[in-house]
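Notes to accompany the following structure.
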Amino acid sequence: MVQTSSPELRETGADHRPPPAPEYSSWISRDRSTDAAAVAMRQEAAELVERVLEHYRNNTTHEADGQWTEPVANYLDADRWQREMDAVHRTVPLPLAMSAELPGPNTYKALDVLGVPVLITRDRQGAVHAMINACRHRGAKLIEPGCGVSKRLTCPYHSWSYDLTGELRGVYAEKTFGDVPRTGRGLVRLPAGERAGIVFVSLDPAAEPDLDAWLGDLQPLLEGLRLADCHHYSTKELTSPNWKVTLDGYLETYHFASLHPKTVFETNLSNMMAHDTWGPHQRIAPALRPIAQAVELPPEQRDPGECVGAIYWLYPGLAIAGGWRNKIAVSLVLPRTATESVTQQIILLREPAVTEEERHVADTFGEWFYEVVRDEDYATTYGVQQGLAALNGTDFVFGRNEPGLQHFHRTVHEHLDSRAAR
């Protein structure tokens, strides 16, 4: 069930206490899988730890070649936002679901994306489909947003029914309605595919996305995370500002000490990370506090999951945090308007939470992420949103220590330029 929060943020003050940082347990150190993806993932993780350790020894971080300036107008202009939606979200394959949200046959996830009601299903053979969540009779929404199980998709308006592939199977009172040919009256399909535990959907029905090319060399690393084997525990939603204002906060560690002194900064070092890119996608890898002890250990005794908090980020807005651990927080940021987006926080577990204690631990983990993002990150970015109009005509500056921001905005510019050149 999707839970939503209003734009109002929790009051902060002397009696407000931030939630304690959750205890993290590493999964990667106990993984003994011998398939190629798992072996490659562990090897790459060990190499990444060495890179972050080098930053720790030298008190440095990954740096871009120079600074980047981004006009404030690029966040504010509604026409530009529409061009971004056309060039990016209506063009590229969007990561809209985790495979764990559709854990078996006859499962579904429904969500709204830029005003498009999208329905993702897994049929009884286990194949994934995507379609417009609108009945072909009179356009009523078949399923409300959220995840669930159903063998049939029945319209609440006049009871037309469809199977999980989108084929029309039943017309209520067809004798009086008149014959309805089943061919050509199924739900409008959207291109969909599944890779590495993530479901991608294109909003353009005519698109033919090549997901292997889209993910490139990042795909084996994602497969090594074994996200498809995880269990979906919960999903919550938060409203958030303009999509780029929101995403800027996901792509750097420069703010950890100042914005999160009693939360994120208790487990992560600030302004210290490794950074990698794969086409439009990227990974930021902050140093975790146990790295101070790991620096004295031989490489074979270092636990990557305790040293580095790798965050894999899929363009244009999916962040996977904690992929080397037993509890994973996935953030899916989707634009709504030029001034608002919505964030789905999806909690995945390596093992299902069965006992009351396990559910309590999972709840605490999810609540910690929810409250930190709402009360610290988004409280701040709503302030950014409010200041945009007054700053129009000026530039924001991204430092050398913010390569993730630079890569993200450069990629958006490239997509806009590419579309304009057609």
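Just a few scattered comments:
- From the options I328, I320, residue that is closer than 25 Å to V52 by Cα, within 9 Å of the chain's Cα centre (by Cα) and not basic (K, R): I320
- Residue in segment 394-404 that is in a helix (DSSP H, G or I), over 24 Å from the mean Cα position of the chain (by Cα), modelled with pLDDT of 95 or more and more than 26 Å from Y312 (Cβ to Cβ) present: no
- Single residue of G193, G184 found to be in the same structural domain as Q125 (by TED's automatic domain parsing) and free of Cβ contacts under 8 Å to residues at least 60 places away in the same chain: G184
- Selection from segment 63-82 of residues that are assigned to a helix (DSSP H, G or I) and surrounded by fewer than 16 Cβ atoms within 10 Å (Cβ to Cβ): A73, A78, D79, Q82
- Number of the condition not met by L142 [criteria: (1) farther than 30 Å from L225 by Cβ; (2) in a helix (DSSP H, G or I); (3) at pLDDT 95 or above]: (2)
- Members of segment 339-393 that are among the β-branched types (V, I, T), assigned to a strand (DSSP E or B) and in contact with a helix residue (DSSP H, G or I) (Cβ under 9 Å, 6 or more places away or on another chain): T343, I346, I347
- Evaluating H255 against the criteria (1) closer than 21 Å to V333 by Cβ; (2) in contact with a Gly (Cβ under 9 Å, 6 or more places away or on another chain); (3) surrounded by 21 or more Cβ atoms within 10 Å (Cβ to Cβ); (4) not hydroxyl-bearing (S, T, Y) leaves one unmet condition, (3).
- Filtering segment 175-190 to residues that are modelled with pLDDT of 95 or more, surrounded by fewer than 16 Cβ atoms within 10 Å (Cβ to Cβ) and not in a loop (DSSP other than H, G, I, E, B) leaves T176, F177, R189.
- Options P205, P220; residue that is of a type outside the set (A, V, I, L, M, F, W, C) and in a helix (DSSP H, G or I): P220
Yes/no per residue for (1) touching a residue at least 24 places away in the same chain (Cβ under 8 Å); (2) in contact with a Lys or Arg (Cβ under 7 Å, 6 or more places away or on another chain):
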site	(1), (2)
R136	yes, yes
G146	yes, no
V149	yes, no
L153	yes, no
S161	no, yes
Y172	no, no
F177	no, no
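- The residue of segment 306-334 that is farthest from A38 (Cα to Cα), among those that are crowded, with 24+ Cβ neighbours inside 10 Å and touching a helix residue (DSSP H, G or I) at 6+ places or on another chain (Cβ under 6 Å), is P316.
- Each residue in segment 273-298 was checked for being in contact (Cβ under 8 Å) with a residue 12 or more places away in the chain and polar (S, T, N, Q), and 2 pass.
- Answer residue from segment 203-233, given it is crowded, with 22+ Cβ neighbours inside 10 Å and of a type outside the set (A, V, I, L, M) and is modelled with the lowest pLDDT among those: G224
- Residues (under 19 Å from L221 (Cα atoms) and assigned to a strand (DSSP E or B)) located in segment 313-338: W313, L314, L318, A319, I320, A321, R325, K327, I328, A329, V330, S331
- Boolean, E237 is at pLDDT 95 or above, touching a Pro at 6+ places or on another chain (Cβ under 8 Å) and acidic (D, E): no
- Positions within segment 161-174 being in a strand (DSSP E or B) and surrounded by fewer than 20 Cβ atoms within 10 Å (Cβ to Cβ), in sequence order: S161, R169, G170
The values are calculated or read from the model by the stated rules, or taken from the named source; none is laboratory data. Keep in mind that this is a model prediction, so the values were computed, not measured. All Cβ positions, even for glycine, are placed from backbone atoms using ideal geometry, and neighbour counts span all protein chains on display.
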